[in-house]
């Protein structure tokens, strides 16, 4: 593999995907950061010259509550998804092969159905004239003029709904490899069902837990369709602002500054996890 | 040992939660009521309206064109990428691997926004081509992951065996590796196809005039309450086709 | 060079590891030959070099006088039965066996005839249309052998051919392989880590250790006169004693001074100088245990000891006997214990003895 022929062959096979991602993934990402230092022009493009003025908009105090809302909504979504996905992946992994494949299919199918349609479905479900509202009113659980839609709770609910499979799938992949006789051993040694689940199973699927957390958190950070369709005017997330800057204000540098900030927020948790896993692996090896 | 019933119950609840909105959609598509709050009788009305909505079928055609070409391209690129990642261990493949993984966790809005920036700055007009490029970009990583999983299960002594029996390197790849890899490549392609049909956010950023894909069409229909029940009908058809595709890919995976 | 397969000063390194270190071997035509050794001894690397999957760093490999060292695997007159069979899962049994003939572009009739004949030879004709996944372990193995033999190779390589089978099947396939070898008369090269397998399958065995060949001999010679303590322990069990040669006697016997064991008399098995440090080897089944001291008139080495531990194996019983600092393993068949019909219990005082002809002097360089 160190022969010149081996090297050139490797490059030949690697080049197509490498070049594609270089041109259409890396360069665009770099462009965003670069554009954040350019002035806007009036046609929705990018003006000439360099400026740090665009970055100043990030210090606009109006953004602070949006950033904070984006962060805690994503964090809470992650926590709830993990709490639900842990017992579900545990259950799927411990049943027989046929049942397991069936359950997995049940989890994946809603996930593969069109994202927009799923959000739309929640919109009609939560609609004031929709079935859920009517049911809750009939049960006297909410008042006649209750608004299930257009509030933060609804945004959180739909966020959890759309992100849940992102949590179940990696956790299931880890649970599938988990040695379930360890649970028998824990029970044998006197641990109750809850303790053997929390002290043996959960640490056993730690890696899946981490990748599930990163997947859900990062993907939640970038949402804008859900707050836009389900939430009210005051429930915007960072993504909503980016879309607004691009399509309503046609101010690309301003949007880029926000996007660059979001990219940083995405990369930092991933970097931490990667480092932690590298470090953890070394620790386990020694 | 008695098993706790709690995980089983919770799993049932979660699956019900996942399906509830879909069930409501499907039911409402046959409901004579416009808002679907109450059942006002069975109707094919919304499907007839959908059938007559020419702009929807135009979008279906656009979507299929993009999905088919994007999944073919990402199958070719992804299979090569997976082979390279599996075959070689080097700094190049470490970089390659990071590049393949990052799009999987990149939020859609960033990918759409950054591609839009690229197209604007390089003066490429948004349209079919830019949508296709965007779709290939986000499908590529998924195809690579599926094929890579397949390659990791592949027993490379089979290649040795083929060569031992007189096959040249090329013949061994054609007669042994490719036929055994094919179900994985097809499953990856199917996943890419589904993702491409599904995508709204990225497509929204890089689409141009006259290139309204189905999700974009649905989004614009949502703005007029008159067409809401038609969306129910359309959604039902889409969910049914997702079921079919999922069953097909399930078959493909299992035949291996 | 009279060999049919000749390994001529072959070496191969992976990084700093010398996997195969200057190996020379000659295998006759039609011979059943084994490469035997623990994992990592280089036997698999040597096999892969014969098959063509690895190139030697130096040295040559010849088959029937032709140097094949630099041919790719597909051009060598050698076929392999892989350890896990490596049957093509997407092809039927019939197509698996036909693969090699198709690759060499034989006419259709010849392929059909050859494959059918092979299926008959391995008694799998009724399974021709099945996929490998539908076969049992033993059947898979027979397909793998047929797939290799149908190409009429000049040398057939078998990599751990029985390792993937369970015990019962293994013993059955052992017989089948021997019969098959007689029927086709091709040179068979086995690679195995199992000494029992090697002994019952082959005419000659090369015992390998750390990339080198320790000894090449027939099964009996390897067991009876191992030339190193590695060979002695790898093939069967052995008790070792380190001592110094003190006194030569007539007919090639030598007296060896061993600490705590007096000076037993042994067959010197070659030149041994006086005051030379050497190692004695006695197989456990060559040792006798008696309650009373054996008659001293015969030239028997006898030492008093205590039974420390007993393990019953059905066909035989093993004893661990403590003699001063030494612990000796003795293996007795029930009838061989001459203590008046009772077996010595744990803690019993016994006499351990062996005949000078049953002890061996093994190579001195590994006396350390």
Q | Complete set of residues in the range C:125-151 that are without any contact (Cβ under 8 Å) to a residue 12 or more places away in the chain and assigned to a loop (DSSP other than H, G, I, E, B) | A | C:136
Q | Within the range C:51-68, considering residues that are away from chain B (no Cβ under 11 Å) and crowded, with 17+ Cβ neighbours inside 10 Å, the one nearest to residue B:172 (Cα to Cα) | A | C:68
(Q) With the structure loaded, tell me whether residue B:167 is within 14 Å of chain C (Cβ to nearest Cβ), assigned to a loop (DSSP other than H, G, I, E, B) and in contact with a helix residue (DSSP H, G or I) (Cβ under 6 Å, 6 or more places away or on another chain) or whether it fails that test. (A) yes
Q) Residues A:223, A:228: which one is crowded, with 16+ Cβ neighbours inside 10 Å and in a helix (DSSP H, G or I)? A) A:228
Q. Restricting to the range B:223-238, what's the tally of residues that are at pLDDT 85 or above and surrounded by fewer than 23 Cβ atoms within 10 Å (Cβ to Cβ)?
A. 3
Q. Quick check: is even one residue across the range C:89-98 farther than 27 Å from residue C:135 by Cβ and without any contact (Cβ under 8 Å) to a residue 12 or more places away in the chain?
A. no
(Q) Checking the condition in a loop (DSSP other than H, G, I, E, B) and either under 20 Å from residue A:242 (Cβ atoms) or away from chain B (no Cβ under 14 Å) (or both), which residue from A:65, A:61 passes? (A) A:61
**Q.** Residue under evaluation residue B:128, criteria (1) more than 13 Å from chain A (Cβ to nearest Cβ); (2) farther than 30 Å from residue A:245 by Cα; (3) crowded, with 16+ Cβ neighbours inside 10 Å, criterion not met
**A.** (2)
Q. When the range B:103-115 is examined, which residues are found to be assigned to a helix (DSSP H, G or I) and within 7 Å of another protein chain (Cβ to nearest Cβ)?
A. B:103, B:105, B:108, B:109, B:110, B:113, B:114, B:115
Q) Somewhere in the range C:108-115, is a residue touching a residue at least 40 places away in the same chain (Cβ under 8 Å), over 20 Å from the mean Cα position of the chain (by Cα), crowded, with 21+ Cβ neighbours inside 10 Å and part of a helix (DSSP H, G or I)? A) no
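Does residue B:25 satisfy the criteria of being at pLDDT 90 or above, in contact with a helix residue (DSSP H, G or I) (Cβ under 9 Å, 6 or more places away or on another chain) and within 14 Å of chain A (Cβ to nearest Cβ)?
Here the answer is no, as residue B:25 does not meet what is asked.
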Q | Entirely in the range C:155-257, the strands (runs of 3 or more DSSP E) that have 3 or more residues that are not assigned by TED's automatic domain parsing to the domain that holds residue C:61 | A | C:239-248, C:253-257
Q.
Can you tell me which of (1) crowded, with 16+ Cβ neighbours inside 10 Å; (2) under 18 Å from residue B:205 (Cβ atoms); (3) free of Cβ contacts under 8 Å to residues at least 24 places away in the same chain is the one residue A:17 doesn't meet?
A. (2)
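Filter the range A:231-248 for residues that are assigned to a helix (DSSP H, G or I) and more than 8 Å from chain B (Cβ to nearest Cβ); which is surrounded by the fewest Cβ atoms within 10 Å (Cβ to Cβ)?
Taking the candidates together, the pick is A:247.
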(Q) Go through (1) over 25 Å from residue C:214 (Cα atoms); (2) touching a strand residue (DSSP E or B) at 6+ places or on another chain (Cβ under 7 Å) for residue C:88 and report which single condition fails. (A) (2)
Q. Could we say that residue A:258 is out of contact with any helix residue (DSSP H, G or I) (no Cβ under 8 Å at 6 or more places or on another chain) and assigned to a helix (DSSP H, G or I) here?
A. no
(Q) Let me spell it out: the conditions are (1) within 19 Å of the chain's Cα centre (by Cα); (2) without any contact (Cβ under 8 Å) to a residue 60 or more places away in the chain, and residue A:185 meets all of them except one. Which number is the exception? (A) (1)
Q | Search result, residues across the range B:131-162 that are under 30 Å from residue C:95 (Cβ atoms), crowded, with 17+ Cβ neighbours inside 10 Å and more than 14 Å from chain C (Cβ to nearest Cβ) | A | B:143, B:146, B:147, B:148, B:151
Q: Evaluate the range B:166-189: report whether one residue or more is touching a strand residue (DSSP E or B) at 6+ places or on another chain (Cβ under 6 Å) and buried (at least 23 other Cβ atoms within 10 Å of the Cβ).
A: no
Q. Here are some residues: B:85, B:68. Which one is assigned to a helix (DSSP H, G or I), under 16 Å from the mean Cα position of the chain (by Cα) and assigned by TED's automatic domain parsing to the domain that holds residue B:195?
A. B:68
Q: Look at the range A:12-49 and say how many of its residues are more than 9 Å from chain B (Cβ to nearest Cβ) and either at pLDDT 95 or above or at positive phi (or both).
A: 2
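The values are calculated or read from the model by the stated rules, or taken from the named source; none is laboratory data. Predicted model only: the values in this text are computed from it and were never measured. Positions of Cβ are backbone-derived with ideal geometry, glycine not excepted, and every protein chain shown enters the neighbour counts.
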